[in-house]
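Asks: First the structure, then my questions, so here it is.
No value in this document is a laboratory result; all are computed from the given coordinates. If you're wondering where the values come from, they're calculated on a predicted model, not measured in any experiment. Here the Cβ is made from the backbone with ideal geometry for all residues, glycine too, and neighbour counts use every protein chain on show.
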């Protein structure tokens, strides 16, 4: 082999190794985001007003993987007993590997979305049952050293 072929082969090997490294890094970051668990820890406060209510709750976001999650953000829909009542979001949360982050959320819910949910809340209250709050959404986070972004759907409930 001549010197030119040796250089070309070396460059090809380096390119292959870089592609393999970045591919593995992206894959492992994406898998870490898919393992995130979201739960509504507790409803802290419901502050009723004339046309709306402010709902405060704590989300428990757990990262059971060995990879830290950076710049986690989400948009989600909120349901009370399967009745759509509003939307919420959070952004720029960093979660270390094998850790949990508690994120306080405050959202405004307008009463026109609470009509059916109100009936279910009263039924549950009469029967001594807890009312189920559910969120469905999509999480996004930076991967591959912040060069790319990946997303994953999730559901969380009380």
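Asks: How far, in nm, would the chain grow between residue 125 and residue 7 when pulled straight, counting 0.36 nm per residue and subtracting the alpha carbon separation?
Replies: 34.9 nm is the gain from fully extending residue 125 to residue 7.
Asks: Here's another thing I want to ask about it. Does a label point 7 Å from the Cα of residue 77, set along Cα-to-beta-carbon, have any residues of segment 125-158 with amide nitrogen under 13 Å, and which are they?
Replies: Residues 134-138, 154-155 qualify, since their backbone N sits under 13 Å from the label point.
Asks: What does the highest-first list of 88-100, 71-83 look like by mean Cβ count within 10 Å? Could the numbers behind the result be given before it?
Replies: Details: 88-100: 13.9, 71-83: 18.1.
In descending order of packing, they fall as 71-83, 88-100.
Asks: Sticking with this one: Of the residues 39, 129, 103, which exhibits the maximal mean-square fluctuation in a Gaussian network model of the chain defined by a 10 Å Cα contact cut-off?
Replies: 129
Asks: Follow-up. For the chain, what does -39500 (n - 2.57) per DSSP helix run (n ≥ 4), summed and divided by total residues, give at 222 nm, in deg cm²/dmol to the nearest 500? Mind showing how you got there, number by number?
Replies: Working: 2 runs with 44 residues, N = 158.
So the calculated ellipticity at 222 nm is -9500 deg cm²/dmol.
Asks: What order do you get for 40-52, 20-32 when each peptide is scored by the mean count of other beta carbon atoms within 10 Å, highest first? Can you show the working numbers first?
Replies: Working: 40-52: 12.4, 20-32: 14.5.
Packing order, densest peptide first, comes out as 20-32, 40-52.
Asks: Follow-up question, since we're still on this one. If I take R0 = 30 Å and measure r between the Cβ atoms of residue 34 and residue 84 in this structure, what FRET efficiency does the formula 1/(1 + (r/R0)^6) give, to the nearest 0.05? If you can, show how the numbers build up before the last one.
Replies: Working: r = 25 Å, r/R0 = 0.84.
Taking R0 as 30 Å, the efficiency between residue 34 and residue 84 is 0.75.
Asks: For the Cα atoms of the chain, what angle does the longest principal axis make with the long axis of helix 115-126, in degrees from 0 to 90, nearest 10?
Replies: 70 degrees
Asks: Let me ask something else. Build a GNM of the chain with springs between Cα atoms under 10 Å: which of 61, 135, 14 gets the top mean-square fluctuation?
Replies: 14
Asks: Nearest 10 degrees, 0 to 90: what angle lies between the long axis of helix 3-34 and the longest principal axis of the chain (Cα atoms)?
Replies: 10 degrees
Asks: Further question on the same structure: Modelling each spin label as a point 7 Å along the Cα-to-Cβ direction, I'd like the residue 138/residue 42 distance in nm, to one decimal.
Replies: Reported label-point gap for residue 138 and residue 42 is 3.4 nm.
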